[in-house]
Amino acid sequence: MCPEFVLPIQKKQAFQQVLERHSGEHQLIIIQDFPDPDALSSAWAYQLIAKQYNIDCDIVYGGTLSHQENIALVKLTGLPVHRWPLEMAKTKDLSVYSGCVLIDNQGTTSQLTSLIQSAKLPITVLIDHHSLQKDLHPEFFDIRPQIKATATILTQYLQSGFLELDNSEIDHINCATALMHGLRSDTNQLRQATREDFLAAAYLSSYYDASLLDSVLRSSRSKRVMDVIERGLSNRQVLDNISISGVGFLRASDRDAIPQAADFLLTEENVHTAVVYGLVHDDFNEVEIIVGSLRTNKITLDPDEFIKEAFGTDVTGKFFGGGRSQAGGFEIPLGFLSGFNENKDYAEMKWKVFDAQVKQKLLRLVNPD
C-alpha cells in the first residue's frame, strides 16, 4: 500500500465548508485560454468533487485547444470542457452562475476574466500551483507554488475523501488518467517531481488507464507543427548556450507548436536554454500577439525572473509573461498594429521589426556587452 498524503485539517475543513455553503448552485470553472493537461484534468477533478455536493459546474476556456496531446486527451477521455470565445461568451447569460472557479490560473491568462468582472461574478474557489500574480479575494484559495502541478493538489483532495474514486466508474478512471497526464506533463515526466507529486502519482496508479494514457501520448504531430519546428531550427541563434529563434507568423490554432519547438531546440548539444517565439494571428478576435516559450535545464536560471526582466510590464503594471521551474512563456499584444494585411512585403517588414525587437530584449540579458 502506498503512503497517503494527509491534507491539513484547517484546509480540509475550509474547502468542505465552502462546498457545503454552495450546495445546489451552478458554478463556472475558468481555465487558461490555451489549456494544458494540468489545467484540463484539474478542472475535471474539481467538477467531480463539486458534484458530490450537488454543485453543477461548466468548464470553459476562451482560446484554442491546439496541441495534439490536449486534443487527444479531451476526445479520448470525454473530458467535459467547452470553448467560449470572447464574442460568444458575451452572449451567455452569466446570471445562472452563482460563482466563478479559477483552476490552474489566477485570471491573468484568460480573456474571459474581464467578462466575469463586468458581470460581478464572485470568485468562489481558486486552486493553483503558480506564484501569486494579483490581489484576489476568493472565498477559498489554495495556492502552492512549491508543488509542480495543480493536478497534484486536486489529487490530494481526492485522497482526503472529497471523492472516493471507483474503478467501476468510467468518469473516475478517465479523470484519474487525465490527472496522471497533467501531473507527468507539468513535472517533465516526473523528473522534476517533488515528494507530494510522487505520492499523488502513486495514488492515481490504482485508478488510471495505462493504455488510454499511452494512446494520448502517442498522438502524432501535425505537419504544421513539424514546419514550425523546422523554422525554429533554421532561424535559431545560439549565444552562451542559449538558443533563440523566431518562427514568424502562425495561426492561433498552431500556437502550441511554439513550446514544442522550444522543447525540441533544448535537445541540441551544448544548449541549456531555448526561447522560441512567433507572431500569432487570431482571426476570430482580430488581434495579433507575440507568443513565446522558454525551456531550460539550467538549475540556476529562473524562467520567471528571466522573462519578467526581459519584457517588463504593460501600462497597467501587468507582466507580459512569467514562468515556473524550467519553463516559462510570454504574450505581447501588438495593439493598434494588429491586423492582417495581404501585402506580402508589408507582412515581412512587420515580422522583421518585431523579431528584431524581441531578439534584442532577450540578447540584452544573455550578453549585456
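To one decimal place, what orientation-averaged projected area in nm² is obtained for the convex hull of the Cα set of the chain?
19.1
To the nearest 10 degrees, how steeply does helix 223-235 sit against the main Cα axis of the chain, on a 0 to 90 scale?
So the inclination is approximately 50 degrees.
Indicate the gyration tensor shape class of the range 1-103 (rounded, prolate or oblate), computed on the Cα atoms with a ≥ b ≥ c the square roots of the eigenvalues: a/c under 1.5 is rounded; otherwise a/b larger than b/c is prolate and the rest oblate.
Oblate.
Rounded to the nearest 0.05, what FRET efficiency do LYS318 and LEU363 give with R0 = 25 Å and r taken as the Cβ-Cβ distance? Could you check? Mind dumping the intermediate values first?
On the way: r = 24 Å, r/R0 = 0.96.
The calculated FRET efficiency here is 0.55.
Using a Förster distance of 30 angstrom, determine the FRET efficiency expected from the C-beta separation of SER234 and GLU305, and round it to 0.05.
Step by step, r from the Cβ atoms, then E = 0.50.
Where does the Debye-calculated log10 I(q)/I(0) of the range 205-283 sit at q = 0.13, 0.19, 0.26 Å⁻¹, using only Cα point scatterers of equal weight, no solvent?
So the normalised log intensities work out to -0.48, -0.79, -1.12.
Determine the distance separating the Cα centre of the range 81-137 from the Cα centre of the range 138-152; give it in Å without decimals.
16
Pull out the extension gain between GLU269 and ARG83, defined as 0.36 nm times the separation in residues minus the alpha carbon to alpha carbon distance; nm, one decimal.
Full extension of this stretch gives 63.0 nm more.
Please return the longest stretch of the chain lacking exposed loop sites, where chymotrypsin sites (Phe, Trp or Tyr not before Pro) count only if DSSP places them in a loop and at most 14 other Cβ atoms lie within 10 Å.
Result, exposed sites excluded: 1-283.
Counting Lys +1, Arg +1, Asp -1, Glu -1, what net charge surrounds ILE30 among other residues with beta carbon under 11 Å of its beta carbon?
Values: positive: none; negative: ASP33, ASP58, ASP104.
Here the charged neighbours net out to -3.
With the dipole of the range 60-201 worked out from charges on the C-beta (+1 for Lys and Arg, -1 for Asp and Glu) around the Cα centre, which of THR77, GLN192, THR108 lies farthest toward the positive end?
So the residue we want is THR108.
Which of the three applies to the range 35-168, rounded, prolate or oblate, going by the alpha-carbon gyration tensor with a ≥ b ≥ c and a/c under 1.5 meaning rounded? Don't jump to the answer; show the numbers that get you there.
Values: a/c = 1.35, a/b = 1.18, b/c = 1.14.
Rounded, since a/c falls under 1.5.
With labels modelled as points extended 7 Å from the Cα through the Cβ direction, what inter-label distance (nm, one decimal) is found for LEU334 paired with MET226?
2.8
With the crude spin-label approximation of a point 7 Å out along Cα→Cβ, what separation in nm comes out for ARG218 versus ARG21?
Placing both labels 7 Å along Cα→Cβ, they lie 4.8 nm apart.
Report the antiparallel proportion of the DSSP beta bridges in the range 193-328 as a percent, rounded to a multiple of 5.
Percentage antiparallel, nearest 5: 70.
Could you identify which residue out of GLU87, GLU309, GLU196 has the top mean-square fluctuation in a GNM of the chain using Cα springs shorter than 10 Å?
GLU87
Along the Cα-to-C-beta direction of THR108, a point sits 7 Å from the Cα; which residues of the range 288-312 have their amide N less than 12 Å from that point?
Residues passing the 12 Å test: 304-305, 307-309, 312.
Tell me the mean residue ellipticity at 222 nm calculated for the chain from its helices only (DSSP H runs of n ≥ 4, each -39500 (n - 2.57), averaged over every residue, nearest 500).
After summing the helix terms and dividing by residue count, I get -12000 deg cm²/dmol.
If one takes the longest principal axis of the Cα atoms in the chain, at what angle in degrees, from 0 to 90 and to the nearest 10, does the Cα axis of helix 68-77 lie?
It works out to around 20 degrees.
Please list, in order, the residues from the range 280-321 whose amide nitrogen is less than 15 Å from a point placed 7 Å along the Cα→Cβ vector of TRP351.
Only 280-282, 289-291 pass the distance filter.
Cβ under 11 Å from LEU183's Cβ, LEU183 left aside: what net charge do those residues give with Lys, Arg +1 and Asp, Glu -1?
Result for the neighbourhood of LEU183: -2.
Test of understanding: in a Gaussian network model of the chain with alpha carbons linked when under 10 Å, which of ASP254, ASP214, ASP128 would top the mean-square fluctuation ranking?
ASP214
Name the shape class, rounded, prolate or oblate, that the alpha-carbon gyration tensor gives for the range 4-62, where a ≥ b ≥ c are the square roots of its eigenvalues, rounded holds for a/c under 1.5, and otherwise prolate holds if a/b is larger than b/c and oblate otherwise.
The shape class here is oblate.
Determine the percent antiparallel among the DSSP beta bridges restricted to the chain, to the nearest 5.
Given both bridge residues lie in the chain, the antiparallel proportion sits at roughly 45 percent.
Tell me the per residue accessible area of the chain using a 1.4 Å probe; a whole number in Å² is fine.
Heavy-atom SASA per residue in the chain reads 47 Å².
May I ask you to give the percent of accessible area on the range 229-369 that is carbon plus sulfur, with a probe radius of 1.4 Å?
Details: 3790 of 7400 Å².
Carbon and sulfur atoms account for 51 percent of the accessible area of the range 229-369.
Summarise the accessible area of the range 100-185 (1.4 Å probe, protein heavy atoms) by the percent that is carbon and sulfur.
Values: 1610 of 3160 Å².
Carbon and sulfur together cover 51 percent of it.
Can you tally the net charge around PRO303? Count Lys and Arg as +1, Asp and Glu as -1, for every other residue whose Cβ sits under 12 Å from the Cβ of PRO303.
Net charge in that neighbourhood comes out at 0.
How far, in nm, would the chain grow between ASN297 and ASP166 when pulled straight, counting 0.36 nm per residue and subtracting the alpha carbon separation? Walk me through the intermediate numbers first.
Details: separation 131, 0.36 × 131 = 47.16 nm, distance 3.82 nm.
My answer for the length gained is 43.3 nm.
The values are calculated or read from the model by the stated rules, or taken from the named source; none is laboratory data. Owing to the predicted nature of the structure, the values given are computational and were not obtained by experimental measurement. Because the Cβ atoms are built from the backbone with ideal geometry, glycine has one as well, and the counts that use them run over all protein chains shown. Ligands, DNA and RNA are excluded from the accessible area calculation, which covers all protein heavy atoms including side chains. Shrake-Rupley method; radii C 1.70, N 1.55, O 1.52, S 1.80 Å.
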